[in-house]
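In what follows, a structure is listed as structure tokens, so that the remarks can point back to it.
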Amino acid sequence: MAATQRIVIENAAIATVDAKDTEYTSGHVVVADNIIESVGEGKAPEGLTDVVRRIDATGHLVTPGLVNTHHHFYQWITRGLATDHNLFNWLVALYPTWARIDERMTYAAAQGSLGMMARGGVTTAMDHHYVFPKGSGDLSGSIIRAAREMGVRFTLARGSMDRSEKDGGLPPDFAVETLDGALAATEATVREHHDASFDAMTQVAVAPCSPFSVSTELMCEGAGLARRLGVRLHTHGSETVEEEKFCHELFGMGPTDYFESTGWLGEDVWMAHCVHMNDSDIDAFARTRTGVAHCPSSNARLAAGIARVPDMLAAGVPVGLGVDGTASNESGELHTELRNALLINRLGAHREAALNACQALRLGTYGGAQVLGRAGEIGSLEPGKLADLVLWKLDTLAHASIADPVTALVFGAAAPVTASFVNGRQIVENNRLLHADEDAIARSTREEARRLARIAAGD
């Protein structure tokens, strides 16, 4: 058996995001292989053996790695389009292009999406991929391969659509799957790629796209499939007023009641957006422990509205943060969502009492871990948890005069990442990826974006 290898981080401000939001002004973190061994004030314990590296983290804040709970990687190669559209018009404008993606495009887009997040402190990512054009190749496999190469912990939400234009949905007819085809492909993906172990690097969720692109049969049978296989469920919910109207017209009820009728509320479920939620909806989510992926920048970009995050948190709803696809959040970064979540929610009914810096950091770390069903493994810096952590540099011009480090991280400019570790393995150093060529990724994403545009235009 190999000897334990320890990494010792000292002289850092530390935000543990544990149950008490414990912080240390100058503390230490000891990592043993892929597990956090100790966290506390002052220097690391004396007499540690097998120390392979010591990091003097003076001028840094150490936090849990950020956890992204909603994304669409493929959109990396369609950024900057339909910039003045609401959600439904934006989807109508872009679905004909998205329906032309193939495996090479999806792999490049996943590299771009993952690389941008990893550079900005994300250690656990997820991708909700639901566009599977006929003959496009192994799209799920290409996305998982990109995450594995990047070294990021990853959840693939294997999406699906079976309600196309001919059925009153938005996607083109050739861009959707059949009910049986979607269920079979989803089950195959779970069986091939899902890892249920404590330190799993790859997990899979069952994720029909949305009420307006999926039949009721796929929703119901998808929920049954997920629970039979023991994996989580994910979809879009209550994103816009148009969706609310659509659900009432088609199903005779609002989105939350529809989700409950199809088996889509529960502690194994999380929904993206949840912008238009009344008190009854929030109560239902709290009662069932259904999670929410809050995507403030995308909600603003598509003029969807302001989600009632303070009310959800007060009711006990698990809430994490999401980038959402980069066709509606062109920055592709999650650490900027800490700030945007705080600021946008302060424009709502609770004003300055909506969120504070610690709550924003919790949304992006422990809240995300809750939503993904991994709060026992990641999301806080505590002994026994997996060593997913980030060193943020806060002693430069941008942050040095901000007294509190968590306030500096959330309220200040985007902080540089000196080091990011996933499972005890470093993946970022001085804001650069260690296991991927950023310049090569930039070239390939640019080339694939141009190729997709040519194909979509019929050239």
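From the list VAL62, VAL92, which one is among the aliphatic types (A, V, I, L, M) and under 30 Å from GLY384 (Cα atoms)? I'd like the intermediate steps shown before the answer.
Values: VAL92 fails: under 30 Å from GLY384 (Cα atoms).
Of VAL62, VAL92, the one residue that is among the aliphatic types (A, V, I, L, M) and under 30 Å from GLY384 (Cα atoms) is VAL62.
Which residues, taken from the stretch 245-267, are part of a helix (DSSP H, G or I) and among the hydrophobic types (A, V, I, L, M, F, W, C)?
Hits for the stretch 245-267 are PHE246, CYS247, LEU250, PHE251, PHE259.
Just a yes or no: is a residue in the stretch 316-339 assigned to a helix (DSSP H, G or I), among the aliphatic types (A, V, I, L, M) and under 14 Å from the mean Cα position of the chain (by Cα)?
At the first step, the residues of the stretch 316-339 found to be assigned to a helix (DSSP H, G or I) are 335-339.
Checking the rest, the ones that are also among the aliphatic types (A, V, I, L, M) come to 338.
Going one step further and asking which of them are under 14 Å from the mean Cα position of the chain (by Cα), we end up with 338.
For the stretch 316-339, residues assigned to a helix (DSSP H, G or I), among the aliphatic types (A, V, I, L, M) and under 14 Å from the mean Cα position of the chain (by Cα): present.
When you go through GLU243, GLU217 one by one, which is the residue that is in contact with a helix residue (DSSP H, G or I) (Cβ under 9 Å, 6 or more places away or on another chain) and surrounded by fewer than 18 Cβ atoms within 10 Å (Cβ to Cβ)?
On the way: GLU243 fails: surrounded by fewer than 18 Cβ atoms within 10 Å (Cβ to Cβ).
Only one candidate qualifies: GLU217.
So which strands (runs of 3 or more DSSP E) stay within the stretch 1-113 end to end and still have 3 or more residues that are surrounded by fewer than 17 Cβ atoms within 10 Å (Cβ to Cβ) and on the phi > 0 side of the Ramachandran plot?
none
Please work out which one of (1) surrounded by fewer than 24 Cβ atoms within 10 Å (Cβ to Cβ); (2) in a helix (DSSP H, G or I); (3) touching a residue at least 12 places away in the same chain (Cβ under 8 Å) is the condition GLY384 fails and give its number.
GLY384 satisfies all of (1) surrounded by fewer than 24 Cβ atoms within 10 Å (Cβ to Cβ); (2) in a helix (DSSP H, G or I); (3) touching a residue at least 12 places away in the same chain (Cβ under 8 Å) except (2).
Quickly run through the stretch 1-39 and pick out the residues that are small (Gly, Ala, Ser) and closer than 24 Å to PHE198 by Cα.
Residues satisfying the conditions are ALA2, ALA3, ALA15, ALA19, ALA32, SER38.
Where the second residue is in a loop (DSSP other than H, G, I, E, B) and of a type in the set (Gly, Ala, Ser) and the first is assigned by TED's automatic domain parsing to the domain that holds ALA182 and under 17 Å from GLY141 (Cβ atoms) and lies in the stretch 195-209, which pairs have Cβ atoms under 8 Å and are six or more apart or on separate chains?
As it stands, the answer is GLN203/ALA196, since those pairs meet every condition given.
Listed residues ALA413, ALA408; which is over 20 Å from the mean Cα position of the chain (by Cα) and part of a loop (DSSP other than H, G, I, E, B)?
ALA413 is the lone residue from the list that is over 20 Å from the mean Cα position of the chain (by Cα) and part of a loop (DSSP other than H, G, I, E, B).
Does the stretch 421-429 contain any residue that is in contact (Cβ under 8 Å) with a residue 40 or more places away in the chain, farther than 28 Å from SER197 by Cβ and of a type outside the set (Ser, Thr, Tyr)?
Taking every residue of the stretch 421-429 in turn, none turns out to be in contact (Cβ under 8 Å) with a residue 40 or more places away in the chain, farther than 28 Å from SER197 by Cβ and of a type outside the set (Ser, Thr, Tyr).
Quick check on this structure: which one of VAL206, VAL152, VAL214 is under 18 Å from PRO133 (Cβ atoms) and of a type in the set (Val, Ile, Thr)?
Step by step, each of VAL206, VAL152, VAL214 is checked, and only VAL214 is under 18 Å from PRO133 (Cβ atoms) and of a type in the set (Val, Ile, Thr).
Which one of these is in a helix (DSSP H, G or I), in the same structural domain as GLY230 (by TED's automatic domain parsing), surrounded by 20 or more Cβ atoms within 10 Å (Cβ to Cβ) and over 14 Å from the mean Cα position of the chain (by Cα): MET312, MET277? Please lay out each step first, then the result.
Values: MET277 fails: in a helix (DSSP H, G or I).
Residue meeting the stated conditions: MET312.
Spot the failing condition for LYS134; the list is (1) among the charged types (D, E, K, R); (2) crowded, with 24+ Cβ neighbours inside 10 Å; (3) modelled with pLDDT under 95, and only one is missed.
The single condition LYS134 does not satisfy is (2).
Does the stretch 417-438 include one or more residues that are loosely packed, with under 14 Cβ neighbours inside 10 Å, hydrophobic (A, V, I, L, M, F, W, C) and either modelled with pLDDT of 95 or more or within 20 Å of the chain's Cα centre (by Cα) (or both)?
There is no residue in the stretch 417-438 that is loosely packed, with under 14 Cβ neighbours inside 10 Å, hydrophobic (A, V, I, L, M, F, W, C) and either modelled with pLDDT of 95 or more or within 20 Å of the chain's Cα centre (by Cα) (or both).
Out of ALA184, ALA223, I need the residue that is out of contact with any helix residue (DSSP H, G or I) (no Cβ under 8 Å at 6 or more places or on another chain), over 30 Å from THR365 (Cβ atoms) and aliphatic (A, V, I, L, M). Which one?
Result: ALA184 is the single residue among ALA184, ALA223 that is out of contact with any helix residue (DSSP H, G or I) (no Cβ under 8 Å at 6 or more places or on another chain), over 30 Å from THR365 (Cβ atoms) and aliphatic (A, V, I, L, M).
State whether one or more residues within the stretch 161-178 are assigned to a helix (DSSP H, G or I), in contact (Cβ under 8 Å) with a residue 12 or more places away in the chain and not aliphatic (A, V, I, L, M).
Yes, the conditions are met somewhere in the stretch 161-178.
List the number of the failed condition for ALA353; all other conditions in (1) touching a helix residue (DSSP H, G or I) at 6+ places or on another chain (Cβ under 9 Å); (2) within 18 Å of LEU321 (Cβ to Cβ) hold.
Of (1) touching a helix residue (DSSP H, G or I) at 6+ places or on another chain (Cβ under 9 Å); (2) within 18 Å of LEU321 (Cβ to Cβ), only one is false for ALA353: (2).
Answer with yes or no whether SER140 is touching an Asp or Glu at 6+ places or on another chain (Cβ under 6 Å), hydroxyl-bearing (Ser, Thr, Tyr), outside the structural domain of ALA419 (by TED's automatic domain parsing) and not in a strand (DSSP E or B).
no
This table checks each residue for (1) part of a loop (DSSP other than H, G, I, E, B); (2) surrounded by 23 or more Cβ atoms within 10 Å (Cβ to Cβ); (3) at negative phi; (4) of a type outside the set (Asp, Glu).
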site	(1), (2), (3), (4)
ASP180	no, no, yes, no
ALA185	no, no, yes, yes
ALA200	yes, no, yes, yes
ALA207	no, yes, yes, yes
HIS236	no, yes, yes, yes
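Given the criterion buried (at least 24 other Cβ atoms within 10 Å of the Cβ) and within 27 Å of SER328 (Cβ to Cβ), identify the matching residue among ALA223, ALA284, ALA272.
Unique residue meeting the criteria: ALA272.
Criterion first (assigned by TED's automatic domain parsing to the domain that holds LEU218 and part of a helix (DSSP H, G or I)) does ILE282 satisfy it?
Criteria met by ILE282.
The values are calculated or read from the model by the stated rules, or taken from the named source; none is laboratory data. Predicted model, so just to flag it, every value in this text is computed and none were measured. Neighbour counts are summed over all protein chains in view; Cβ atoms, including those assigned to glycine, are modelled from backbone coordinates with ideal geometry.
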